[in-house]
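The values are calculated or read from the model by the stated rules, or taken from the named source; none is laboratory data. The structure displayed is predicted, hence computed values, not measured ones. When we count neighbours, we look across all protein chains shown, and the Cβ atoms used for this are built from the backbone with ideal geometry, even at glycine.
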């Protein structure tokens, strides 16, 4: 467990420093764009986030899975990951332009959508691929640096935006793209220098279907996390999307330590899962219990700090303090399900995980369609909490069922051996 503790320390340090920088970045951006401008930006990012997992078709996750078990597989898996990420990213950028006309308010300019799509669907995904390359070897100190570099560059860009008089979301999108492309290109160079170059083979990867499962799973996760921001912008107003988006951003920042632990433990789930679902489940329960205990404390801290938020990011975000208090239980609910999901992935049940997450994503959309027109961002809070709670129950119930099935299978095999003896 020494390497995992070291990796957790790296990721926690990265997340802590990243959270401080991100807080400054968020404050500068919110003050520059205002609540409506921030609503437009966050709604476009949410739409891009739904498409982003398909940029790569899960090849980054497959890279971790294969290399965690066989170091010699790196060059082939890395080459395949880069090729698929680039090709799919370009196609998805074109798709984002088409979808934006149907999902987003017409007041949002196409230029804003295009630049954010290029940043999030191509360069961020390349940066993620580089981070996963080091994560597959459990060298999370580099993964940590990449995450911090992206946030730092965006903070610098947000600082420069303050120098622009009457800054707009469209202007910010150009700063956003440049501040994303720079760390992505540097990260790719680091992989080549310190791990090795890619090998461009004709292989379609170890399991294309499994890669698609990873993509669908991540997209479903983004849907039940972020689709409400896009729907608020379309159905209610950019102001409502800005209030809710700002509060959600703060909750995400508070969840950073748990995300760090997830990243450090991810490769270990594949290693324990290779011995059976019960081994992965035991590991997942230990990690999950610690995360839930932390989240209770963090939720209380958010509740106490909520009234001070508008003083920091601007008076236009006055209702953000209410939204933040209502969203604070999300930390506990999310901690309750994230390690159950990774348990299923590590034990080879990615398809089962994907099916559950898609079901919850569809439930989230249906509930939002019902409640957003009447309750606005408060309705979005309710659907988010309900869906994350349902997800926790479904995932852990599935893990328990699979553990029981595995135990019965072992007992049956033992009985057969005794009879034959």
| query | Taking residue 107 and the conditions (1) surrounded by 20 or more Cβ atoms within 10 Å (Cβ to Cβ); (2) assigned to a loop (DSSP other than H, G, I, E, B), which numbered condition does it fall short on, given that it satisfies the others? | reply | (1)
| query | Give me the pairs: first residue in the range 392-407 and more than 20 Å from residue 361 (Cα to Cα), second residue surrounded by 13 or more Cβ atoms within 10 Å (Cβ to Cβ), beta-carbon distance under 6 Å, and six or more apart or on different chains, which are they? | reply | 402/277; 403/277; 403/278; 403/281; 406/276; 406/277; 406/278
| said: So residue 166 passes all but one of these: (1) more than 21 Å from the chain's Cα centre (by Cα); (2) surrounded by 21 or more Cβ atoms within 10 Å (Cβ to Cβ); (3) modelled with pLDDT under 90. Which condition number does it fail? | reply: (2)
| query | Which of the residues belonging to the range 128-154 are in a loop (DSSP other than H, G, I, E, B) and touching a helix residue (DSSP H, G or I) at 6+ places or on another chain (Cβ under 7 Å)? | reply | 137, 138
